[in-house]
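Values in this text are rule-based calculations from the coordinates and carry no lab data. Keep in mind that what you see is a predicted model, and the values were worked out from it rather than measured. Cβ coordinates were reconstructed from backbone atoms using ideal geometry, including for glycine residues, and neighbour counts include every protein chain displayed.
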Amino acid sequence: MASSPASTHVLSRAVSSSFVANNPIYDLEVIYNNIDEDMDVPLFCQLLNISEEEYNSKFPDRWGGRFSKAKPFIFISKISPSQYASFQEHLHLFQGFYPVMRNIRFYPHQNGAHMLGYLSEVNSQDIEQAEGVYAAGDIHGVSGLEKVYEEILRGRKGVSYMLKDNLGRDVESYNGGNLDSTAVSGEDIQLSIDLELQRYAEKLLQNKRGAIVAIEPATGEILSMVSAPNYDPNDLTFSRNRDSIFRVLQGDTLNRPMINRSVTAKYPPGSIFKPIFSLIALEKEITRANRYINCSGIYKPTSQKCSHDHVSARNVAQAIQHSCNVYYYQLLNEFLRSDKFDSYGAAMDTLMVALTRFGLGNKLDVDYTFENEGYLPYASHFDRVHKEEINGWKPEWVLSLGIGQGEFEFTTLQMANLAAAVANRGYYIKPHFIKKHLTSGKPIKEEYRLRRSTGISAEHFPPVIDGMELAVLRGTSTSAAISDISVCGKTGTSQNSHGEDHSVFVAFAPKENPKIAIAVYVENGGFGSTYGAPIAGLVIEKYLKGAISPQKKWMEEKMINSSLLNTVQ
């Protein structure tokens, strides 16, 4: 499917699709009493690529307890179609053995492993809790979209009651088949993911640790969700070497490829926090949009520095354009000391509550199995940390919060949602993967259609958005610029005490009637302009234009070919 804002894909357990397909796999069942004593065991073993010792090991100890020589049990599972094809030609030689076909997941595009999740065979606890839905040998979703939509994807199994003789052979349908029921296919659902964009974003983030989330602001639909390092989702389908692959992935404690960094990893946001804080300070009348604050490179009350040389900001837009730390140290100091609040703690809590209106500090409730809520430091946090201080904590001790450092922790999904809220000039819709219920035609949940207000008046957004546009045109984010598209963005450099800082960037485009909002987080990537901004710019251009301009091919190659996996976390 061509790359375009309309590209979406189907997740289905019933039929093959552009994102997910079902492949046949075979289990071989056996009824011990029906086996021919003169069967050619060596040929049987040769066809199934097992040893005679393995063949014999299948039978001992099966005849006590719940096992019966007259009932079928699985002799070998997960036989591939190619292996089964050659075995089937000789099946008539092996009396007592019965093949059973079942479908397993297949992912034709090898993309979106973290998002899609994986399936596994049910265990005894799953069977007991499901109250008859599952039986031994069934599979179910255990993570990602496979788990979230398991109930509607799995459908309903058919039931056939058969009378059998004392050797376990079918005789006839019980009660003329009147108690039998027909299987019902699971529902097909359409995802919001743009497959071409997903594939491209994964390519840009290869050989790095980090995450990318792209959202359509007007709908909250997730266009792409990438976590790196990645893996092929087919690695965890029901192949015979699945367990060994799973152990390798789980054992990589440095790169942790099984973790979905998009929704699980919590990061300090860095300077991408400045536009949001600007909006809250304007709404609370702590400052004005045309406020001038002199910057000499040092915030003199605390000797904290600006990250780079620039002219003093004459207004909020220029403060965002140049990412002036001094400007935001001053704003936070004034916010916490404002006579609008009874105490520093009341001011801090007011700021944190305002941030929750942007979807921070709580789960966004995306349709995914696990999502971290991030962290907002309310006054109680500082009361606890500074409990030994006689007069409590002081604003100058926490000014790093004004530039997105300190105790703040956001997920990449939350960062992308921030960009969407600014793009929409004051509201967001819960990010979600589901676009349509194709089989039933029922609407998606209301919570994924409802506009959620940030509590910020519309009048405060223009100077902030202008500043984000200037940051891309002539500020700290020029590596995200696209020649004929107005991109509004903000870089961030997230401090890391263990090694190289993390590169952060949020953006949306176009400025008017935005089609995409994005957050990029590259661990150990350094400045936001080094990796975050160029990767975001490329993803935006790919989505909106379908291709990368010749002038930016060098940047594309640099992002694709660079590796940060050997850096210290």
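Maximal additional length on extending the Asp349-Gln83 stretch stands at 89.3 nm, based on 0.36 nm per residue less the C-alpha distance. For region 36-115, GluC sites (Glu not before Pro) are listed when DSSP marks them as loop and at most 11 other Cβ atoms sit within 10 Å of their Cβ; the list is Glu37, Glu89. For region 342-441, the alpha carbon convex hull comes to 129 Å³ per residue, rounded to a whole number. Among the listed pairs Lys203/Lys552; Lys284/Lys430; Lys445/Lys545; Lys58/Lys78, which have their C-alpha atoms separated by more than 22 angstrom in this model? Going by Cα-Cα distance, Lys284/Lys430; Lys445/Lys545 fall outside the 22 Å limit. With θ taken as phi - 60° and the Karplus curve 6.51 cos²θ - 1.76 cosθ + 1.60 applied, the whole-hertz 3J(HN,Hα) list for region 337-353 is 9, 4, 6, 6, 10, 6, 7, 4, x, 5, 5, 4, 5, 4, 5, 5, 5 Hz, x standing for glycine and proline. Taken one residue at a time, the phi angles of region 266-278 give Karplus couplings (6.51, -1.76, 1.60, θ = phi - 60°) of 9, 10, x, x, x, 6, 5, 6, 4, x, 5, 5, 4 Hz. Gly and Pro are set to x.
In units of the rule-of-thumb radius 2.2 N^0.38 Å, region 210-346 shows an alpha carbon radius of gyration of 1.56.
Residues whose amide H lies under 5 Å from that of Glu409, counting only those 5 or more places away or on a different chain, are Tyr375; hydrogens are built 1.01 Å from N in the peptide plane. In terms of its alpha-carbon gyration tensor, region 392-492 comes out oblate; a/c meets the 1.5 threshold, while b/c is at least as large as a/b.
Across all directions, the average flat footprint of the convex hull enclosing the Cα atoms of region 382-429 is 4.8 nm².
Quick check: from the Cα gyration tensor, does region 23-102 come out rounded (a/c under 1.5), prolate or oblate? Taking the square roots of the gyration eigenvalues as a ≥ b ≥ c, region 23-102 is prolate. Over the chain, DSSP H runs of length four or greater, each weighted -39,500 (n - 2.57), average out per residue to a 222 nm ellipticity of -8000 deg cm²/dmol.
In terms of other Cβ atoms within 10 Å, Met352, Met101 run from fewest to most in the order Met101, Met352. From the alpha carbon centroid of region 387-448 to that of region 179-210 is 24 Å. Ranking Asn234, Gln321, Pro81 by how far each Cα lies toward the positive end of the dipole of the chain (charges on Cβ) leaves Gln321 at the top. Taken about its Cα centre, the chain carries a charge dipole of roughly 1940 debye when the Cβ of each Lys and Arg holds +1 and the Cβ of each Asp and Glu holds -1.
Our compactness index for region 105-167, the C-alpha radius of gyration over the empirical 2.2 N^0.38 Å, is 1.43.
In order along region 478-491, phi translates into HN-Hα couplings of 5, 6, 9, 5, 10, 3, 10, 10, 7, 9, 10, x, 8, 7 Hz, rounded to whole numbers, per the Karplus curve 6.51 cos²θ - 1.76 cosθ + 1.60 with θ = phi - 60° and x for Gly and Pro. Calculate log10 I(q)/I(0) of region 426-481 for q = 0.12, 0.17, 0.28, 0.29 Å⁻¹, where I(q) comes from the Debye formula with a single equal point scatterer on each Cα and nothing for solvent. One equal scatterer on each Cα of region 426-481 leads to -0.53, -0.75, -1.01, -1.04. Where a ≥ b ≥ c are the square roots of the eigenvalues of the C-alpha gyration tensor, would you call region 153-285 rounded, which needs a/c under 1.5, or, failing that, prolate if a/b is larger than b/c, or oblate? Taking the square roots of the gyration eigenvalues as a ≥ b ≥ c, region 153-285 is prolate.
Mean sequence separation of contacting Cα pairs (under 8 Å, at least six apart), scaled by the length of the chain, corresponds to a relative contact order of 15 percent. Within the shell defined by Cβ-Cβ distances under 14 Å, the residues around Cys306 carry a net charge of +2, with Lys and Arg each +1 and Asp and Glu each -1.
Simple rule: put +1 on each Lys or Arg Cβ and -1 on each Asp or Glu Cβ in the chain, find the dipole, and look at Gly220, Ile139, Ser400; the Cα lying farthest toward the positive end is Ser400. The aspartates and glutamates within cross-link reach of Lys305, meaning a Cα-to-Cα straight distance under 16 Å and a gap of 8 or more places when in the same chain, are Glu396. Within a straight-line Cα-Cα reach of under 19 Å, Lys69 can be paired with the following aspartates and glutamates, leaving aside sequence neighbours fewer than 8 residues apart in one chain: Asp27, Glu29, Asp36, Glu37, Asp38, Glu54, Asp61, Asp165, Asp170. Toward the positive end of the charge dipole of region 23-102, with +1 on the Cβ of Lys and Arg and -1 on the Cβ of Asp and Glu, the farthest Cα among Cys45, Ala70, Asn56 is that of Ala70.
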